[in-house]
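Scroll down for the structure; my scribbles are underneath it.
The values are calculated or read from the model by the stated rules, or taken from the named source; none is laboratory data. Being a predicted model, the structure only gives us computed values, none of them experimental. Methodologically, a virtual Cβ is constructed for each residue, glycine included, from the backbone with ideal geometry; neighbour enumeration extends over all protein chains shown.
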Amino acid sequence: MEVKIGISKKDLDSSIKTLTTVLSNEMVLYTKTRNFHWNVAGNSFMEIHLLFENQYTDLAHIIDEVAERVKKLGGHAMGTMKEFLASTTLKEASKSNNRDKMISELLSDQEQVTTELRKAITKLDEGNDYGTVDFLTGLALKHESMCWVLRKYTQN
């Protein structure tokens, strides 16, 4: 059934395409964060283990919200790792067990996601999908907070 919410088909398609990339990035970042949660070792093990758990839990909620936004706009929310890997702009996790490298890698990915969200907001702001622009702005703020926490672990 066609979505009739005052947004042109062209703008809906653009939003869905953007959200599909966002969904893929969130899923890859979730999987990477969960992997690091399972495999972190060394000093401050429990603290970092819980930090990663908190972040992947937040990412799980974000993933659900992004998928639901895609569906609200009439799109298909992909659901396989093959699809996510084909649409992501992130790289899969390194095989490091070093907590500092894990934190640095997650920070880099969080910063990339935040930067790409800002670009998507600017692009979609030219259309008529103010709901998706607002939604992505909220996601950017969440990722800024995750960056801030990770960044604190990289400072001496």
- Query: Is there a residue being in a helix (DSSP H, G or I) and within 16 Å of residue 113 (Cβ to Cβ) anywhere in segment 40-48?
  - Reply: no
- Item | Selected residue [over 19 Å from residue 139 (Cα atoms) and not hydroxyl-bearing (Ser, Thr, Tyr)] from 58, 13 | 13
- Number of the exception - residue 77 against (1) without any contact (Cβ under 8 Å) to a residue 12 or more places away in the chain; (2) hydrophobic (A, V, I, L, M, F, W, C); (3) surrounded by 13 or more Cβ atoms within 10 Å (Cβ to Cβ): (1)
- Do we find a residue being out of contact with any strand residue (DSSP E or B) (no Cβ under 9 Å at 6 or more places or on another chain), over 19 Å from residue 28 (Cα atoms) and surrounded by fewer than 19 Cβ atoms within 10 Å (Cβ to Cβ) anywhere in segment 88-99? yes
- A careful count of residues in segment 3-46 that are under 15 Å from the mean Cα position of the chain (by Cα) and within 19 Å of residue 58 (Cα to Cα) gives 16
- Query: Residues 116, 83: which one is of a type in the set (D, E, K, R), out of contact with any Pro (no Cβ under 7 Å at 6 or more places or on another chain) and crowded, with 17+ Cβ neighbours inside 10 Å?
  - Reply: 116
- Considering each of 140, 86 in turn, give the residue that is within 22 Å of residue 72 (Cβ to Cβ) and at pLDDT 95 or above. 140
- Message: Take residues that are farther than 15 Å from residue 17 by Cα and touching a helix residue (DSSP H, G or I) at 6+ places or on another chain (Cβ under 7 Å) and tell me which of the helices (runs of 4 or more DSSP H) falling wholly in segment 64-156 contain 2 or more.
- Response: 99-124, 130-154
